[in-house]
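Below is one structure; the comments refer to it alone.
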Amino acid sequence: MKVLVEFSGGLELMFEGKKHIDVDLPETHTTLENLVDFLKKHNLKDKEEMFVQGSSVRPGIIVLVNDTDWELLDTLHYKIQERDQIAFISTLHGG
Amino acid sequence: MKVLVEFSGGLELMFEGKKHIDVDLPETHTTLENLVDFLKKHNLKDKEEMFVQGSSVRPGIIVLVNDTDWELLDTLHYKIQERDQIAFISTLHGG
Amino acid sequence: MVEQREQKDLSNDEYMRYSRQLIMGQIGIEGQRKLKNARVLVVGAGGLGSPASFYLSGAGIGTLGLVDGDVVDESNLHRQIIHTESRVGMNKTVSAKQQINMFNRHVDVVTYQTHLTPENAREIVQDWDIVMDGSDNAKARYLINDICMILKKPLVSGSALQMEGQITVYGYNGGPCYRCMFPKPPPAHTVTNCADGGVLGVVPGIIGNLEALEVIKIVLGFSDEQILTKRMIFFDAASMRFRNVKLRERNPRCEVCGDEPTLTETSTFDYDDFCQTNCNKYALIQI
Amino acid sequence: MVEQREQKDLSNDEYMRYSRQLIMGQIGIEGQRKLKNARVLVVGAGGLGSPASFYLSGAGIGTLGLVDGDVVDESNLHRQIIHTESRVGMNKTVSAKQQINMFNRHVDVVTYQTHLTPENAREIVQDWDIVMDGSDNAKARYLINDICMILKKPLVSGSALQMEGQITVYGYNGGPCYRCMFPKPPPAHTVTNCADGGVLGVVPGIIGNLEALEVIKIVLGFSDEQILTKRMIFFDAASMRFRNVKLRERNPRCEVCGDEPTLTETSTFDYDDFCQTNCNKYALIQI
Ligand SMILES: [Zn+2]
Ligand SMILES: [Zn+2]
């Protein structure tokens, strides 16, 4: 299952500076929880605590599915659809 | 055929101030030229030369189909698809 | 609170000065009067507060409060356009007030030459209608959020770093607050190096202006769909893309804006302990 | 042209002042040097030119040209933040230069106290690297476009009215010019009433800042996909929506930027006749 994964707010630095990557997810991996795990194992290039905490993302990261907050979509349990756009964005504090 | 028609840059003033209207286009009306004619007959509330010139829109109006310039899409001859978003935007000169 | 105050009318000078925006259907004389009678508090007179203070003043916000304990530094000037070289070393709110006074004599500028603290937050914020967050660190953002939710003030919140910016409105029309979005701060061990990530000055310029716009629209009474509540804009300046995102609703179990809040006084909450080291300036880029 | 000029280096003062943007990977010392050696011309020191001039100066553009024949009026101040009340009546470029001199002594500001005309356009524009359109009427927009295309200068163009704004980059990397987009001006009879449509000041503030951003990115050599060419952003401030639109390519038969241009000197083109009455200020809202 192909999904587009995007990183911003500085998170891209942990993924070789890439702002988006195409991910081909095994059919058995269908939830956002699975995706976080998949990214951690296959794509994350820096210390994993910069991105994950337990089986979820660390606090301070907003997760979006097709530009919708994952809190409106069952968070970790959301079932990913073919060609979903999943964005992981670190919140900014500067001004 | 249902399409969403949007107006901005001041053009909405000629359509009762509406920034968008749903248009149900007869099946025989399938091109942008037909849509311009349909809007002129059914929705335009001000002098028609404010919106049309000949069978097209007047100079100074940008026409977009799903956020793409109609010049990339055969302009007046573009065949409208179900649920297309068509925007008519008057260019602004102020600053 | 707005209703209880005596409503000031526009002078002839003001009709002339604001004529170019008065003639707009969305403002009119009534709207201009609302702007004059509005009291807007901007926390932080830096990269976000500079442009926002300019445009809030320009639009005719009658009373503008500025909170900042920092002094102007020359390395701020690449983005903090309301200050000048000769005012380096001066408190930022005083410097901003000097420029605003030269720019629009009709604006009453109130300066608080201090950082917002858990102890002074209630006293400073309670007299204002709307608060704009122009701060630059996570600890300040939690504190500003909490006092606004406790006092039920709409909070227009923006942030910027490097070439990205984010903006939303918290605590407005059933939308979430900052704690609904981020109940826990980023863990301390994810923030090992708190060096400054840098910022291209015009990026907070854009975000600060968008914040000023939302403040003005709230004052003018724009409809709930038009205000950036339950929505957030993510701006990527490098690619010039704006992402408009649908956010969650207010969390009824939120500590500070929920149905039974437990955080009802900022002075009893330990922000230093809560945020630990990650609440330093520009912390989040060092992930 | 840039290559032929002697490249100036950064002073220690400048390293300090720009430290917050120097540390960004997208800028660095090399990028800051490019900014210092860039020559940017802003046509119009009004609602768009005010914020743009501030942020271009703040970022360290070494030489900034300003063109405007108008004087500061109090009714401009709701949006023209670079001016002050005491400078009402002063030429706008002179007023802007005074503020920039107080804000960043490292910027060399060159003022042209005149409107751009078909006769003076070549002489004024030829020495600059990039042009930013901050004008406020259609006639000026055609003229600025034409001279930029004739002299092959990238043109960053923005406009604003009421609560809407538009921005794009013309004549860059195979993208269209203003005449490719609008070969004919709006017909005179569609413009019966040329009253001012008004504008909310922060809207040109946002568009002017976005223009400054694109200028900076062009100077820094951002990639073609990152620059706003063959794309236009439409901003609706009321609903806080940004629409990112894919535009046509350059028209090979365009009068001024085509393969065989017929318009090669602005002084021989009759802009008054071409635009007729609709080239008055704020013409397009009266459709
Ligand atoms: Zn909350
Ligand atoms: Zn052209």
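The values are calculated or read from the model by the stated rules, or taken from the named source; none is laboratory data. Fair warning: this is a prediction, and the values are worked out from it, not measured in the lab. Don't worry about glycine lacking a Cβ; one is built from the backbone with ideal geometry, like all the others, and counts go over all protein chains shown.
One residue is enough: does segment C:113-125 have a residue meeting the conditions surrounded by 20 or more Cβ atoms within 10 Å (Cβ to Cβ), within 14 Å of another protein chain (Cβ to nearest Cβ), assigned to a loop (DSSP other than H, G, I, E, B) and more than 14 Å from ligand 1 (Cβ to nearest atom)?
Within segment C:113-125, one or more residues are surrounded by 20 or more Cβ atoms within 10 Å (Cβ to Cβ), within 14 Å of another protein chain (Cβ to nearest Cβ), assigned to a loop (DSSP other than H, G, I, E, B) and more than 14 Å from ligand 1 (Cβ to nearest atom).
Within segment D:113-137, count every residue that is within 30 Å of B:Glu12 (Cβ to Cβ) and within 16 Å of ligand 2 (Cβ to nearest atom).
Going through segment D:113-137 one residue at a time, the tally reaches 1.
Considering C:Leu41, C:Leu56, which residue is under 15 Å from the mean Cα position of the chain (by Cα), surrounded by 15 or more Cβ atoms within 10 Å (Cβ to Cβ), in contact (Cβ under 8 Å) with a residue 24 or more places away in the chain and within 30 Å of D:Gly60 (Cβ to Cβ)?
C:Leu56
Kindly establish whether D:Asp133 is at pLDDT 95 or above, touching a Ser or Thr at 6+ places or on another chain (Cβ under 6 Å) and of a type in the set (Asp, Glu).
yes
Does segment C:31-52 contain any residue that is more than 7 Å from every other protein chain (Cβ to nearest Cβ), part of a loop (DSSP other than H, G, I, E, B) and of a type outside the set (Gly, Ala, Ser)?
No, that holds for no residue.
Somewhere in segment A:32-53, is a residue assigned to a strand (DSSP E or B), crowded, with 16+ Cβ neighbours inside 10 Å and in contact with a strand residue (DSSP E or B) (Cβ under 8 Å, 6 or more places away or on another chain)?
no
As an exercise: evaluate D:Met149 against (1) away from chain B (no Cβ under 12 Å); (2) among the hydrophobic types (A, V, I, L, M, F, W, C); (3) touching a strand residue (DSSP E or B) at 6+ places or on another chain (Cβ under 7 Å); (4) not in a loop (DSSP other than H, G, I, E, B) and give the number of the one condition it does not meet.
Among (1) away from chain B (no Cβ under 12 Å); (2) among the hydrophobic types (A, V, I, L, M, F, W, C); (3) touching a strand residue (DSSP E or B) at 6+ places or on another chain (Cβ under 7 Å); (4) not in a loop (DSSP other than H, G, I, E, B), the lone unmet condition for D:Met149 is (3).
Considering segment D:154-174 alone, what residues qualify as being crowded, with 23+ Cβ neighbours inside 10 Å and either among the small types (Gly, Ala, Ser) or touching a Lys or Arg at 6+ places or on another chain (Cβ under 6 Å) (or both)?
Once the filter is applied, which keeps residues that are crowded, with 23+ Cβ neighbours inside 10 Å and either among the small types (Gly, Ala, Ser) or touching a Lys or Arg at 6+ places or on another chain (Cβ under 6 Å) (or both), segment D:154-174 yields D:Ser157, D:Gly158, D:Ser159, D:Ala160, D:Gly165, D:Gly171.
Give me the residue from segment A:63-87 that is away from every other protein chain (no Cβ under 11 Å), surrounded by 15 or more Cβ atoms within 10 Å (Cβ to Cβ) and not in a loop (DSSP other than H, G, I, E, B) and, out of that set, farthest from the chain's Cα centre (by Cα).
Out of the qualifying residues, it is A:Leu76.
Quick one: how many residues across segment C:67-105 are in a loop (DSSP other than H, G, I, E, B) and within 10 Å of another protein chain (Cβ to nearest Cβ)?
11
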